[in-house]
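Undergrad: One structure, as structure tokens, below. Some questions next.
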Amino acid sequence: MSLKHAILAMLSALVLHAAPAAAQDPPLRVVASFSILADLASQIGGDRVTVQSLVGRDADAHVYEPRPADVVAVANAHLLLTNGLGFEGWMDRLVESSAFKGRWVVAAADIKPLQSGSDDDPHAWQDPRIVIRYVNRISATLAALRPADAALFAVNAERYRRQLLALDADIRRAVESLPPARRRFVTSHDAFGYFARAYGFTILAPQGWSTDDEASAKDVAALIRQLRDGQVHGVFIENITDPRLVQQIAAEGGARVGGRLYSDALAQPGAPAGTYLGMMRHNLDTLMAALLAP
Ligand SMILES: [Zn+2]
């Protein structure tokens, strides 16, 4: 063995010896129902978790149909993370067929939902202050599942909570510059109710809380009338829904489409809306630009 090889062999032996990874448990396997929860779990879990989202980015969880691979993913998960409030109507059957034995956490379990009759509005993630509750629940669960990494999860969660509070403050500051009469906008489905409640908007949507809801001709006609009367200042398509109905409403109401809002899923990785924080800032910028336009 040459001297160089001998030194290399010695160094690699030292590195192997020094690395604590060998003594660590492998990362926790987290399966999240949709991309926004997957991002939250990644932010808190860091490299101590592997996170898979069942519903993809830019995809619609309301009408998702699980695939055979999802059964395997859930069966192998340490932690299953769902939103709740009726968002993932397909989850009970998926869990049943996977014989899941891990921990199932419903992120919105302790929030007071917006309700209509017996229906809950599931889109609570559109209020960053509610997402703090999601973060607390996820970080407490990860810590319970892996006490050795609890300190890391706590640090990550605290940093993320501060970012959520900064986001909330930035939205409030921006919205202050918007006259109340301009805080009304149209989207495809009624996904922004929690955002509207937090920041003083009124949302009009041809479809209800699920993209499965049928838009009524009467509601569509009423939206077009409000646009023509100048009572509504912005019309937005969504990343997860077919834009055609909203485009038609805008055209007939004499309004321009103000851009794309991210409602129920993140954009692709690397895009501005590819993370939850990025998505909320994209939505804010898009809303402000269109609603402030003359
Ligand atoms: Zn939705």
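We did not get these values from a lab; they are worked out from the coordinates using the rules stated. Remember, predicted model here, so these are calculated numbers, not experimental data. As a convention, Cβ positions derive from the backbone with ideal geometry for all residues, glycine included, and neighbour counts pool all protein chains shown.
Undergrad: So how far apart, in nm, are the two label points at Arg133 and Arg93 if each is 7 Å from Cα heading toward Cβ?
TA: 2.9
Undergrad: Which far-off residues, 5 or more places away or on another chain, put their amide H under 5 Å from the one on Leu28, with H placed in the peptide plane?
TA: For Leu28, the qualifying residues are Val49, Thr50.
Undergrad: Using the Kyte-Doolittle scale, find the helices of the chain whose mean hydropathy is at least 0.0 and whose Cα atoms extend 20 Å or more along the helix's long axis, counting only whole DSSP H runs. Walk me through the numbers on the way to the answer.
TA: Working: long enough: 3-18 (22 Å, 1.61); 128-145 (25 Å, 0.75); 150-176 (39 Å, -0.05); 276-292 (24 Å, 0.66).
Answer set is 3-18, 128-145, 276-292.
Undergrad: Looking at the stretch 28-97, which chymotrypsin sites (Phe, Trp or Tyr not before Pro) are DSSP coil and have at most 12 other C-beta atoms within 10 Å of their C-beta?
TA: Hits after loop and neighbour filter: nothing returned.
Undergrad: Let me ask something additional. Loop-only GluC sites (Glu not before Pro) in the stretch 195-269, please: DSSP not H, G, I, E or B, and at most 10 other Cβ atoms within 10 Å. Walk me through the intermediate numbers first.
TA: Details: sites: Glu214, Glu238, Glu252; in loops: Glu214.
Passing sites in the stretch 195-269 are Glu214.
Undergrad: Net charge near Gln24: determine it from the other residues with C-beta under 13 Å of the C-beta of Gln24, scoring Lys and Arg +1 and Asp and Glu -1.
TA: -1
Undergrad: Once amide H atoms are built 1.01 Å from N in the peptide plane, which residues 5 or more positions from Leu261, or in another chain, come under 5 Å H to H?
TA: Ile237, Glu238, Asn239
Undergrad: Using a basic spin-label model with each label point 7 Å from the Cα along Cα→Cβ, how many nm lie between Glu158 and Val72?
TA: 4.1
Undergrad: For a quick check, take a GNM of the chain with Cα springs below 10 Å and name the residue from Ala221, Ala191, Ala59 with the largest mean-square fluctuation.
TA: Ala221
Undergrad: Something else now. Can you compute the helix-only [θ] at 222 nm over the chain? Use -39500 (n - 2.57) per DSSP H run of at least 4 residues, normalise by all residues, nearest 500 deg cm²/dmol. Don't skip to the end; give the middle numbers.
TA: Values: 10 runs with 133 residues, N = 294.
Computed ellipticity for the chain at 222 nm equals -14500 deg cm²/dmol.
Undergrad: Over the stretch 180-292, what is the relative contact order in whole percent, taking alpha-carbon pairs under 8 Å and six or more residues apart?
TA: RCO, the stretch 180-292: 23 percent.
Undergrad: If I take every Cα pair under 8 Å that is 6 or more residues apart in the stretch 22-171, average their sequence separation and divide by the length, what percent do I get for the relative contact order?
TA: 23
Undergrad: Now for a separate question. When each pair of different Cα atoms in the stretch 22-171 is counted once in the 1/r mean, what is the Kirkwood radius in angstroms, to one decimal?
TA: 15.9
Undergrad: Under 8 Å for C-alpha pairs, at least 6 residues apart: give me the relative contact order for the chain, rounded to a whole percent.
TA: 16
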